[in-house]
1. Being open to solvent by less than 40 Å² (accessible area, probe 1.4 Å) and either touching a Leu at 6+ places or on another chain (Cβ under 6 Å) or modelled with pLDDT under 95 (or both) is the filter here, so list the residues in the range 136-150 that pass it.
2. For residue 113, are the conditions met, namely being in contact with a strand residue (DSSP E or B) (Cβ under 6 Å, 6 or more places away or on another chain), part of a strand (DSSP E or B) and either modelled with pLDDT of 80 or more or open to solvent by less than 20 Å² (accessible area, probe 1.4 Å) (or both)?
3. Taking the condition within 13 Å of the chain's Cα centre (by Cα) and hydrophobic (A, V, I, L, M, F, W, C), does residue 11 pass?
4. Collect the residues in the range 1-19 that are surrounded by 13 or more Cβ atoms within 10 Å (Cβ to Cβ) and part of a strand (DSSP E or B), keeping them in residue-number order.
5. Looking at the range 146-170, I want the residues that are charged (D, E, K, R) and have a partner that is assigned to a loop (DSSP other than H, G, I, E, B) and open to solvent by less than 40 Å² (accessible area, probe 1.4 Å) with Cβ atoms under 8 Å, at least 6 apart or on another chain. Which pairs are those?
6. If a residue must be open to solvent by less than 80 Å² (accessible area, probe 1.4 Å) and within 17 Å of the chain's Cα centre (by Cα), how many such residues does the range 20-30 contain?
7. Pairs, please: C-beta under 8 Å, at least 6 apart or cross-chain, first residue over 25 Å from residue 84 (Cα atoms) and in the range 40-58, second small (Gly, Ala, Ser) and not in a strand (DSSP E or B)?
8. Within the range 36-51, can you find the residues that are charged (D, E, K, R) and open to solvent by less than 30 Å² (accessible area, probe 1.4 Å)?
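The values are calculated or read from the model by the stated rules, or taken from the named source; none is laboratory data. Note that the structure is predicted; figures quoted are calculated from it, not measured. Quick reminder, even Gly has a Cβ in these numbers, built from the backbone with ideal geometry, and neighbours come from all protein chains shown. Ligands, DNA and RNA are stripped out before the accessible areas are found, and what is left, the full protein with its side chains, is counted by its heavy atoms. Shrake-Rupley method; radii C 1.70, N 1.55, O 1.52, S 1.80 Å.
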Amino acid sequence: GEFDFEASPRFTVGYVGCDGLAARARYRKYDHSTLSVDDDPISVDTYTIDLEVFQVLEVGSCTSVEISGGIRFNEFAMNRNALPIDRFHGFGGMLGIAAERQLNCNWSVYGRLREVILADDFFALQIGNSDENDGIRDVTEIALGARYQGCNWAFHAGYEWHLWSNYTRGTIANIDLETSDVGFSGFVIGAERAY
């Protein structure tokens, strides 16, 4: 089955030093359900916690590039008929690059690519038995959007695509023979305040 557009809150706090080196922490939560192709209820409950350091580099009078790196913790759970199908929790490394281009004094456009590799325990309930083993999961995130900058605040809107590879490999979630990847995509709106 397919999930509808649903709210998925994300909160970020950060600090920028006088030399431009900065750090931030980010939390994102997704917890929603739908029906499978044979009308069984399926739910996905997941959250991520990111800790990153980043540096913004000015590459021209109107363009900046941000380089980031850090770690992510992820808990992922998928249920079918209120029974657990897949469970994954793990830590991993994260690298990102983003670019922003000023259009005028207030408006800019941005693009971002983030790659994450996670490793730890993966639990899958097969038809008739269960299996738990160490696993590697990789995540790709792409974002495009526009940003309006005020004095101490900003507003942005855009679209994001997230591909979480092999998150449901070999489970009865794929009884309809669809891919084992988990994908998230949707519109993003946000606001930020600087102190």
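1. 137, 140, 150
2. Yes: the conditions hold for residue 113.
3. Taking the combined requirement at face value, the residue satisfies it.
4. 10, 12, 14, 16
5. 169/180
6. Looking only at that region, the number is 6.
7. 55/20; 56/20
8. In the first step, residues of the range 36-51 are kept if they are charged (D, E, K, R); the result is 38-40, 45, 50.
50 - this is the single residue of the range 36-51 that is charged (D, E, K, R) and open to solvent by less than 30 Å² (accessible area, probe 1.4 Å).
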